[in-house]
1. Which residues, taken from the stretch 184-207, are assigned to a helix (DSSP H, G or I), surrounded by fewer than 19 Cβ atoms within 10 Å (Cβ to Cβ) and of a type in the set (A, V, I, L, M)?
2. Considering (1) in contact with a Lys or Arg (Cβ under 7 Å, 6 or more places away or on another chain); (2) within 30 Å of Thr122 (Cβ to Cβ), say which one Tyr355 fails and leave the rest.
3. Hey, can you tell me all the residues within the stretch 104-122 that are polar (S, T, N, Q) and farther than 25 Å from Val152 by Cα?
4. Can you spot a residue in the stretch 212-229 that is acidic (Asp, Glu), surrounded by fewer than 23 Cβ atoms within 10 Å (Cβ to Cβ), out of contact with any Lys or Arg (no Cβ under 7 Å at 6 or more places or on another chain) and not in a loop (DSSP other than H, G, I, E, B)?
5. Just the residues that are of a type outside the set (S, T, N, Q) and in a loop (DSSP other than H, G, I, E, B), please, taken from the stretch 349-367.
6. Which one is farthest from the chain's Cα centre (by Cα), of the residues in the stretch 332-348 that are among the polar types (S, T, N, Q) and assigned to a helix (DSSP H, G or I)?
7. Can you name the number of the only condition in (1) part of a helix (DSSP H, G or I); (2) surrounded by fewer than 19 Cβ atoms within 10 Å (Cβ to Cβ) that Ala329 fails?
8. Could you tell me which of the residues Asp305, Asp256 is farther than 17 Å from Val120 by Cα, among the acidic types (Asp, Glu) and outside the structural domain of Met352 (by TED's automatic domain parsing)?
Amino acid sequence: MSSKPQANSDAKLDAYWMPFTANRQFKQAPRLITGADGMYFTDDKGRQVLDGIAGLWCVNAGHNRPRIVEAIQKQAAELDFAPPFQMAHPKAFELAERLVELTPAGLNKAFFTNSGSEAVETALKMAIAYHRVRGEGARTRLIGRERGYHGVNFGGISVGGMVGNRKMFGTMLSGVDHIRHTHDPARNAFSQGQPAYGAEFANDLENLIALHDASTIAAVIVEPIAGSTGVLIPPQGYLQRLREICDKHAILLIFDEVITGFGRTGNPFAAQTFGVTPDLMTVAKGLTNGCVPMGAVFAKQFIHDAFMQGPEHLIEFFHGYTYSAHPLACAAALGTLDTYAEDGLLTRASEMQGYFAEALHSLKGEPNVIDIRNMGLVGGCELAPLPGEPGKRAFSIFLDCWEKGVLVRTTGDTIALSPPLIIEKQHIDHIIDTVRGALKRAA
């Protein structure tokens with residue numbers, strides 16, 4: 001019997017195997033986007049859909065921004081590609097200089113990739129290779145965190161801690177361990193901003209160091225805010241404690257800021273919001289406003305300099321991608337930085353977060369809401385799961401909101417919101433009122 005979808009005869013849907021999607025459900029009732037502008041998508045029926053998740057945590061400046069569009073168009077006509085190995089083009093250097101002006105002090109070297117997943121792989125390899133070139137080649141172990149998301153390549157899912165992303169793919173990388181996640185609803189439910197309790201979870205790292213010995217550990221990688229698992233905000237003092245432990249044992253600290261980078265928390269980077277500077281930091285998404293795939297790793301000077309030895313004609317770091325610092329991506333990123341600067345978007349979340357928090361937390365008391373978490377312009381509303389059907393309740397809310405003209409995201413039974421930074425109060429009201437209605441209808 002044929003398994004091909006019968007719905008929507010106007011579009012051929014069978015050939016495309018969609019990522020992170022319930023393919024069978026989607027192809028029975030497709031949600032097709034055909035246009036976007038400002039805060040809104042347009043679907044194939046001509047409806048306007050308010051974007052409550054910045055595309056996929058990435059369209060921080062809103063859609064169809066003129067500077068970015070113009071930069072991409074101009075670059076395509078001027079220089080479509082330049083080899084990134086033993087060659088370069090001017091915009092790669094210009095972009096790197098512009099970016100390190102925004103990063104926390106000390107993170108002054110930029111290595112370009114094509115995605116957040118690739119940025120994570122790069123940072124992990126950089127950390128292991130760093131210890132090797134300085135004579136501590138036994139430091140190969142990587143420490144991640146339960147419920148962490150670091151992309152979908154083998155390194156990322158190895159240090160990551162989301163079971164659904166790991167269970168089908170074998171034994172992962174060897175020599176990886178995990179500290180606990182920080183979600184503690186018994187003590188921190190409905191916290192606004194950083195929860196008061198849980199800094200002691202960072203001491204798990206000391207336990208793993210005692211088990212494995214610091215001389216075997218290369219790096220620890222965490223998201224400052226764990227986004228894809230449901231918006232877990234770090235407890236007060238937690239990131240500071242991780243930094244202290246890493247410093248004590250000469251372990252590199254990596255922040256995955258693929259989601260939190262470029263204004264999401266009210267500063268250019270969450271490291272600045274929380275006052276903790278890592279040794280390596282990964283970014284993507286908001287780097288180009290989602291317009292052209294691009295990622296980057298920022299490294300401290302001492303990491304870069306450790307590789308700059310030996311004969312000058314030899315490659316120092318055997319790593320990179322065909323499309324590293326692609327001209328169109330660099331142009332898009334430069335146009336994005338101009339847009340952020342002109343509109344003050346890298347700090348706008350700090351202006352809007354109070355209104356956003358109040359609106360989001362007004363959902364407390366609605367049917368099946370068991371926790372709400374927020375920081376800057378990112379929030380999570382956790383729902384009680386349906387017995388025996390985890391994720392189904394939140395997915396029904398997602399579908400309901402889509403039908404009512406608002407796009408939200410779900411992960412497990414958490415509704416996640418991360419709207420474009422251009423959002424106004426009326427947009428916040430519309431999003432929250434739509435979610436509220438969906439919660440009531442699903443009760």
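1. Ala186
2. (2) is the only condition that Tyr355 fails.
3. Matches in the stretch 104-122: Asn108 only.
4. Just the residues of the stretch 212-229 that are acidic (Asp, Glu), to begin with: 213, 223.
If we keep only those that are surrounded by fewer than 23 Cβ atoms within 10 Å (Cβ to Cβ) too, we end up with 213.
Subset that is out of contact with any Lys or Arg (no Cβ under 7 Å at 6 or more places or on another chain): 213.
After this cut, where a residue has to be not in a loop (DSSP other than H, G, I, E, B) as well, the list is none.
No, that holds for no residue.
5. Taking the stretch 349-367 as the starting set, the residues that turn out to be of a type outside the set (S, T, N, Q) are 349, 351-352, 354-361, 363-367.
Result: Leu363, Lys364, Gly365, Glu366, Pro367.
6. Taking the stretch 332-348 first, the residues among the polar types (S, T, N, Q) are 336, 339, 347.
Subset that is assigned to a helix (DSSP H, G or I): 336, 339.
Working: Thr336: 17, Thr339: 20 Å.
Residue satisfying both the conditions and the ranking: Thr339.
7. Checking Ala329 against (1) part of a helix (DSSP H, G or I); (2) surrounded by fewer than 19 Cβ atoms within 10 Å (Cβ to Cβ), the one that fails is (2).
8. Details: Asp256 fails: farther than 17 Å from Val120 by Cα.
So the residue among Asp305, Asp256 that is farther than 17 Å from Val120 by Cα, among the acidic types (Asp, Glu) and outside the structural domain of Met352 (by TED's automatic domain parsing) is Asp305.
The values are calculated or read from the model by the stated rules, or taken from the named source; none is laboratory data. Small disclaimer: the values here were computed from a predicted structure and weren't measured. Neighbour counts run over all protein chains shown; Cβ positions are idealised from the backbone, glycine included.
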